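**Q** Take a look at this one; I'll ask things after.
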Amino acid sequence: MAIREIRTRGDEILSKKCKEVKNFDNKLHILLDDMYDTLKLNNGVGLAAPQVGILKRAAIIDIGDGLIELINPEILEQSGSQIASEGCLSVPNVWGEVERPNKVTVKAQDRNGRWFKITGEELLARAMCHEIEHLEGKLFLERVIRFVDQD
Ligand code: CO
């Protein structure tokens with residue numbers, strides 16, 4: 001268990017495309033475990049590997065219903081739309097309204113390389129879209145419709 005440093009806006013690693021995970025080995029498991037510790041410490045909903053400086057297609061999400069690990073994720077289907085306030089651990093203290101699909105089905109591998117499908121609505125759909133975009137080197141900032149002041 002270890003906490004990793006979160007890269008923040010301006011760090012060029014956040015704008016790079018991540019590489020496919022090919023080895024589902026102990027090194028990957030340690031990365032995922034460290035990402036989980038880092039996510040919890042920072043009270044986040046999701047974290048992608050490039051946010052801790054690793055250019056691999058791996059992300060984790062926990063919206064309060066348990067941990068979801070997405071390795072090599074791909075969006076298979078999306079429908080509807082929702083607009084809500086969104087933030088990112090790599091962009092501290094900035095919140096903005098972002099439009100996302102309301103429902104998303106994602107195909108991904110688990111930490112042992114097994115493929116699975118997951119469908120999420122509302123916050124889970126939003127989180128999956130947000131994290132998958134990190135793997136493409138994109139931050140939510142470029143999608144913000146309106147920045148939201150914090151109270
Ligand atoms: Co983020």
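**Q** Go through 50-57, 115-122 and give me the packing order, highest mean Cβ count within 10 Å leading.
**A** With the highest mean Cβ count within 10 Å placed first, the list reads 50-57, 115-122.
**Q** Compute for the chain: radius of gyration divided by Kirkwood radius, i.e. Rg/Rh, restricted to C-alpha atoms, rounded to two decimals.
**A** 0.94
**Q** Also, quick follow-up: As an exercise, find the ratio Rg/Rh for region 59-106 from alpha-carbon atoms, using the Kirkwood inverse-distance average for Rh.
**A** We get a ratio of 0.99 for region 59-106.
**Q** Let me ask something additional. Any idea which of H29, L14, I63 is furthest toward the positive side of the dipole for region 1-86, if Lys and Arg beta-carbons carry +1 and Asp and Glu beta-carbons -1?
**A** L14
**Q** What are the residues whose amide H is under 5 Å from the amide H of N102, where those residues sit 5 or more places off or on another chain and H is modelled from the backbone?
**A** It is S79, G80, S81, Q82, by chain and number.
**Q** Let me ask you something else. As an exercise, find the ratio Rg/Rh for region 39-124 from alpha-carbon atoms, using the Kirkwood inverse-distance average for Rh.
**A** Answer for region 39-124: 0.96.
Where a number appears in this text, it was derived from the coordinates with a stated rule and is not lab data. The model shown is predicted, which means the values in this text are computed figures rather than measured ones. All Cβ positions, even for glycine, are placed from backbone atoms using ideal geometry, and neighbour counts span all protein chains on display.
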